[in-house]
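The values are calculated or read from the model by the stated rules, or taken from the named source; none is laboratory data. Nothing here was measured: the structure is a model prediction, and the numbers come from that model. Cβ placement follows ideal geometry from the backbone for every residue including glycine, while neighbour counts extend to all protein chains displayed. Just the protein is used for accessible areas: all its heavy atoms, side chains included, with ligands, DNA and RNA removed. Shrake-Rupley method; radii C 1.70, N 1.55, O 1.52, S 1.80 Å.
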Amino acid sequence: MQENRRLAFLIVAVIAALFVQQEFIDPHVEEGMTSEGVMVEIGLLDDLTVAIGEPAPDFALTDLDGDTVMLSDFRGKTVVLNFWASWCPPCREEMPEFQELWEQRGEDGADDLVMIALDFLVQDTMTDARKFIEGNGFTFPVLFDTTDGAVADRYRVRGLPATFFIDREGVVRGVNYGPVFGNLLPAGVEKADAGGGG
């Protein structure tokens, strides 16, 4: 009987030690594969803070297909980075304008601009976001912030939507907190185009 208690105690102690090691000493790091076949850690890739006239903080996140995409993959293109969620009415309303511009200059046009819809997953689900994007036929890249909001925090996103205009060199040229209706989207893109060597 005493032998069984010792054995049970030993088993419990080993399991507890493995749990402590896994959770506290060697935390799980989510990684993904880039299009170049390089493994990268999902999340922020540098310690930059967002500011107009400064390089945009780089990150690696997964897209609708589960592929890993880095912001720096798009150097050489003007980037419109939009933080959104499927439940957000102004986010939903501005998406058709993003799609129109994407068709003109990204997908079917000159291929010199990329629209990135970065879903604020802390307050959304992948299922709802996917249903909204696919249900409306939007074809621009959609990424998921699976970092518990770390990327949004670095970009100082306090409400949705929030849109960042980044030039071809990766420098933030404009920010719009709130929807980008009317002339706000083309004006932001024009500023980023001019700032990146046009």
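The phi torsions of the stretch 50-63, fed into the Karplus equation with coefficients 6.51, -1.76 and 1.60 and a -60° offset, translate into couplings of 6, 7, 5, x, 10, x, 6, x, 8, 8, 10, 9, 9, 9 Hz, rounded to whole numbers, with Gly and Pro shown as x.
The protection proxy used here, the mean number of other Cβ atoms lying within 10 Å of each residue, ranks peptides 115-121, 188-194 as follows, highest first: 115-121, 188-194. How large, in percent, is the carbon and sulfur part of the accessible surface of the stretch 87-190 at a probe radius of 1.4 Å? For the stretch 87-190, the apolar C and S fraction of the accessible surface comes to 49 percent.
If you sort the three axes of the alpha carbon gyration tensor as a ≥ b ≥ c, you get a/c under 1.5 for the stretch 44-198, which makes it rounded. For Leu64, the residues 5 or more places off, or on other chains, whose built amide H falls under 5 Å of its own are Val142.
Pop a pseudo-label 7 angstrom from the Cα along the beta-carbon direction at both Glu100 and Thr139 and give the gap in nm to one decimal. Each label point lies 7 Å from its Cα, and together they span 1.7 nm. Heavy atoms of the protein chains alone define the surface here; on that basis the stretch 132-198 has 42 Å² accessible area per residue at 1.4 Å probe size. What does a probe at Lys131 reach in the stretch 51-80, counting residues whose amide N is under 19 Å from the point 7 Å along Cα→Cβ? Inside the label zone: 64-65. Close amide H pairs (under 5 Å, H built 1.01 Å from N) link Ala162 with Phe83, Gly178, residues at least 5 positions away or on another chain. What's the FRET efficiency of Glu41 with Arg156 using the Cβ-Cβ distance as r and R₀ = 22 Å, to the nearest 0.05? So, using R0 = 22 Å, E works out to roughly 0.50. In order along the stretch 91-106, phi translates into HN-Hα couplings of 4, 5, 6, 7, 4, x, 5, 4, 4, 4, 5, 4, 5, 6, 10, x Hz, rounded to whole numbers, per the Karplus curve 6.51 cos²θ - 1.76 cosθ + 1.60 with θ = phi - 60° and x for Gly and Pro. Note: relative contact order over the stretch 42-198, using C-alpha pairs below 8 Å and six or more positions apart, is 30 percent.
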